[in-house]
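Scroll down for the structure; my scribbles are underneath it.
The values are calculated or read from the model by the stated rules, or taken from the named source; none is laboratory data. Quick caveat, the model's predicted, so the values are computed rather than measured. Note that we place each Cβ from the backbone using ideal geometry, even for glycine, and neighbour counts take in every protein chain shown.
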Amino acid sequence: MRPRTVTKGEMPRHGVHFRSKAGASERPRRLALVAAPLALLGAVCVFTGCQSSPVLNSQYISPRVEGRVLDAATSQPIRNVSIQRLAPGQTEVVSPPAVGDRTLEKTPAIRTDRDGRFDLDSERDLTLFGRAGWYSVTLAFTHKGYERFVTNYTLASAVVASNGEPVVKAGNILLQPVSNNFTVR
């Protein structure tokens with residue numbers, strides 16, 4: 001014996017299956033109502049290059065930072081210093097959780113060259129109907145044998161390049177050598 005199918009509005013009983021009169025024909029209609037605006041938004045992005053669209057805006061969320069890292073005691077350049085952009089309000093470099101054989105990092109650390117110079121790329125983000133921007137950027141400088149140094153740069157310390165990119169010229173960053181003076185009692 002086949003189970004009896006009830007229509008919408010009837011109370012189903014044990015062994016009775018419920019099926020809407022409209023059935024599966026509503027699903028494609030609902031999908032079309034969601035997919036059409038997303039497709040239109042994607043087309044606007046593709047045809048306008050995302051930058052000139054009134055709907056989608058690609059905005060700088062962090063400036064390019066360039067400078068040089070020197071030993072505070074000798075004024076000599078330090079090579080291979082790790083420079084990490086920190087999230088707003090963050091003061092410590094936190095190791096992200098591992099996923100598979102990779103770690104998730106928002107912005108990977110960069111290293112200074114043999115002359116102690118660095119150039120940290122700016123970051124952009126896509127925003128909908130609004131304006132995003134940056135007001136400050138916090139950087140952490142770390143190197144074995146030197147004290148960790150964290151500093152902050154604000155919008156006021158930036159210049160705007162001809163291409164519209166914000167640039168912070170950090171100048172010389174002086175790292176203090178770690179003191180190895182131990183007192184034995």
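Of the residues making up the stretch 116-162, those that are at pLDDT 85 or above, outside any strand (DSSP E or B) and surrounded by fewer than 12 Cβ atoms within 10 Å (Cβ to Cβ) number 3. Consider the stretch 40-86 and keep the residues that are part of a loop (DSSP other than H, G, I, E, B), among the hydrophobic types (A, V, I, L, M, F, W, C) and at pLDDT 80 or above. The one that is surrounded by the fewest Cβ atoms within 10 Å (Cβ to Cβ) is Ala73.
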